[in-house]
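Working notes, beginning with the structure itself.
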Amino acid sequence: MTCSLSHTDSEVEALVQKLIDEDKSRQNAILDLALQFKNSCTAKDDLRNAYEKCNNISQASRALINSFLKEGSAKDYELNLSMYEKAAKLEKQMDAKLAWLLEKYYYRSQKV
């Protein structure tokens, strides 16, 4: 039976590069998500500061709005940090995986 899977050196090299590129795309997606949480945190802080300057809103309403936006901002900040930590961990894992792939590919190409 003829194998339809990639098996020549150039095909395997292209497959390895494709897998690396896909991993990098996933890591970039996590970094983009972290940035979205950071932007959300900043937007909530800006909105909270704008509400503090509104004199026509009752003190009770301003306090409620402030509390809601402050807590939401804090949660977004926690998620932002968590995403960056995960991205850093993923980067280390991807570097290790890349080294492993290149080592295996180099070893394989030396045997051929």
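Inter-label distance, Lys89 to Ser4: 3.9 nm, where each label sits 7 Å from its Cα along the C-beta direction. Here the sum of -39500 (n - 2.57) over DSSP H runs of 4 or more residues, divided by the residues of the chain, equals -32500 deg cm²/dmol at 222 nm, to the nearest 500. Of the residues Ala43, Tyr84, Met94, the one whose Cα sits farthest toward the positive end of the charge dipole of the chain, with +1 on the Cβ of Lys and Arg and -1 on the Cβ of Asp and Glu, is Ala43. The tail of the calculated P(r) for the chain beyond 19 Å holds 64 percent of all Cα-Cα pairs.
Values in this text are rule-based calculations from the coordinates and carry no lab data. Note that the structure is a prediction, hence the values are computed from the model and not measured. Because the Cβ atoms are built from the backbone with ideal geometry, glycine has one as well, and the counts that use them run over all protein chains shown.
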